[in-house]
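One structure is given below, encoded as structure tokens.
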Amino acid sequence: MEFNWDKKWSVGIDKIDHQHKELFDRINKLVSAMREGKGKDEVIETLSFLEEYVIKHFNDEEEMQRKSNYPKYDIQHKQHEEFKEELRELRKVFEKAGVSALFVINVQQKMSSWWRKHIRELDRDLGGFLIESSK
Ligand SMILES: [Fe+2]
């Protein structure tokens, strides 16, 4: 099951929506590389490709939050750090144990549910706040 972005995940801010879409794509690429039994190096490459974008996205989003004095910055920052930590953990587990079918399912489920929850509970609130404060 692909993890595709569609309008229901919009937070109302184009830049954030565009980055979320790119993130979902990179998560799919990682999951496919694992599922297709690609070699370790190739999987690590897709993981790095995802990590790199996650960092860029969180930095951009946090900059918007600081500039606008967004009141939930601390909660956002905390969740972002937790997700980065999860990715580091994933890399460790993968490097040690490689991939099993169960592992791939876990990765996909964990990531998609993390993003769904984060967008629903926090990024939508941020989008609304940014729209309001630009009025
Ligand atoms: Fe966020």
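Each value in this text was obtained by applying a stated rule to the coordinates, not by laboratory testing. Values in this document were obtained by computation on a predicted structure and should not be read as measured data. Don't worry about glycine lacking a Cβ; one is built from the backbone with ideal geometry, like all the others, and counts go over all protein chains shown.
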Using a Gaussian network model of the chain with C-alpha springs under 10 Å, which one of Glu86, Glu36, Glu52 is most mobile by mean-square fluctuation?
Glu36
Return a whole-number percent for the relative contact order of the range 13-133, with Cα pairs under 8 Å and 6 or more residues apart as the contact set.
35 percent
Any idea which of Ser100, Ile75, Ser48 is furthest toward the positive side of the dipole for the range 13-133, if Lys and Arg beta-carbons carry +1 and Asp and Glu beta-carbons -1?
Ser100
What is the helix-to-structure angle for 40-67, meaning the angle in degrees between its Cα long axis and the longest Cα principal axis of the chain, kept from 0 to 90 and rounded to the nearest 10?
10 degrees
For the range 19-60 and the range 99-135, what is the separation of their Cα centres, given in Å?
15 Å
What are the semi-axes of the equivalent ellipsoid of the range 13-133, taken as the square roots of 5 times the eigenvalues of the Cα gyration tensor, listed largest first and rounded to whole Å?
29, 13, 12
Of Lys21/Lys110; Lys7/Lys84; Lys29/Lys56; Lys7/Lys38; Lys40/Lys96; Lys56/Lys84, those spanning more than 22 Å from alpha-carbon to alpha-carbon
Lys7/Lys84; Lys7/Lys38
For the chain, what is the calculated [θ] at 222 nm in deg cm²/dmol (nearest 500), taking -39500 (n - 2.57) for each run of four or more DSSP H residues and dividing by its residue count?
-26500 deg cm²/dmol
Charge sum, other residues only, whose C-beta stays under 12 Å from Lys7's C-beta, Lys/Arg counted +1 and Asp/Glu -1
0
About the Cα centre, charge dipole magnitude for the range 2-135 (Lys/Arg +1, Asp/Glu -1 at Cβ), debye
280 debye
